[in-house]
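The values are calculated or read from the model by the stated rules, or taken from the named source; none is laboratory data. No experiment lies behind these values; they were computed from the predicted model shown. Every residue, glycine among them, receives a Cβ derived from its backbone with ideal geometry; neighbour counts consider all protein chains shown. Calculation scope for accessible area: heavy atoms of the full protein, side chains included, ligands and nucleic acids excluded. Shrake-Rupley method; radii C 1.70, N 1.55, O 1.52, S 1.80 Å.
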Amino acid sequence: MRVILASGSPRRRELLQQVGIAYEVIPSDVDETIDEQDPVRMVEALSERKARYVAEQLKEANDKKSLSEQQVVVLGADTVVAQEGIVLGKPKGEEEAFAMLSRLQGTSHTVHTGVCLAYLREDRIYTNTFHETTKVMVYPMTDEEIRAYIATKDPMDKAGAYGIQGAFAANIQGIEGDYYNVVGLPIGRVVQELKKEKSL
């Protein structure tokens, strides 16, 4: 199976490598603005938009014969942090990162990752879209601790302004659900869904 990752995320690349999935990267540059406010529907819609965009490019670039000779799947994903109905994406600057982390410290929140597997079959594309949700509890943090973490620049490209696998691990009280979902891709679920497809 030829796997295409429709993302430039180094964390998603590392997770695919970790479980031994060979892949190519074709980042999707679709517009990610969306009116949807529900975090689950939001990540599912955006992951499908990303996967379909790359799948359509591949379909246009290849003839039917080449697509029929190999199984091609495009993996699109989108992750958001949500708390009390507020969706927290990637911070646009240090002050927004500070506001997000101030909101998250000492409380719990949820991390939602939507995944779309877009399969190419000759002249058509069909999708399998799903999501995973993980609850994360964060220890109380002082303003100085938050500022020190922001100074590492680690929060700036991450939903909710933190990375669970980095220095912010010192502030994680616990989680309920898939750890890798918080990293950015529920890799176990992805593998199981790919296995289902191969058995069809």
Using only the alpha-carbon atoms, how far is helix 39-61 inclined from the longest principal axis of the chain? Give it as 0 to 90 degrees, nearest 10.
40
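Give me the number: length gained by fully extending S102 to E32, i.e. 0.36 nm times residue separation minus the C-alpha to C-alpha distance, one decimal in nm.
Here the answer is 22.7 nm.
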Quick one: accessible surface of T127, probe radius 1.4 Å, all protein chains present, in square angstrom to the nearest 10.
50
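Dipole size in debye (nearest 20) for the range 1-117 around its Cα centre, Lys and Arg Cβ +1, Asp and Glu Cβ -1? Please list the in-between numbers first.
On the way: 14 positive and 19 negative charges, 92 e Å.
Its charge dipole is roughly 440 debye.
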Over 21 Å between alpha carbons, listed pairs K90/K196; K50/K153; K92/K158; K158/K196; K90/K153
K90/K196; K50/K153; K158/K196
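Using only alpha carbon pairs under 8 Å that are at least six residues apart, calculate the relative contact order of the chain and give it in whole percent.
Numbers: 396 pairs, mean separation 43.6, N = 200.
Worked out over the chain, it gives 22 percent.
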Ignoring any ligand, DNA or RNA, what whole percent of the accessible area of the range 40-198 comes from carbon and sulfur when the probe is 1.4 angstrom?
49
Under the rule of -39500 (n - 2.57) per DSSP H run of 4 or more residues, summed and divided by the residues of the chain, what mean residue ellipticity at 222 nm is obtained, to the nearest 500 deg cm²/dmol?
-11500 deg cm²/dmol
Consider a paramagnetic label point 7 Å from the Cα of N62 along Cα→Cβ; state which residues of the range 109-130 have an amide N under 20 Å from it.
116-129
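Using alpha carbons only, what's the Rg to Rh ratio of the range 74-200 with Rh from Kirkwood?
Numbers: Rg = 16.6 Å, Rh = 15.6 Å.
Over the Cα atoms of the range 74-200, Rg/Rh equals 1.06.
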Taking the Cα centre as origin and putting +1 on Lys and Arg beta-carbons and -1 on Asp and Glu beta-carbons, what dipole magnitude results for the chain, to the nearest 20 debye?
700
What is the angle, in °, between the Cα long axis of helix 94-104 and the longest principal axis of the Cα atoms in the chain? Nearest 10 is fine, range 0 to 90.
80
Reachable aspartates and glutamates, given that their alpha-carbon falls under 15 Å from the alpha-carbon of K135 and they are not under 8 places away in the same chain:
E84, E176, D178
Measuring from label point to label point, each 7 Å out along Cα→Cβ, what is the Q71 to V25 span in nm?
2.6
Note the angle between two axes, namely the Cα long axis of helix 187-199 and the longest principal axis of the Cα atoms of the chain, as a number of degrees from 0 to 90, rounded to the nearest 10.
10
Which residues does the label zone of A148 cover in the range 84-117, counting backbone N under 20 Å from a point 7 Å along Cα→Cβ?
94-95, 97-107
Å² per residue, accessible surface of the range 38-112 at 1.4 Å
47
Amide N of the range 162-200 lying under 20 Å from the label point, which is placed 7 angstrom from the Cα of Q17 along Cα→Cβ:
163-167, 180-188, 190-191
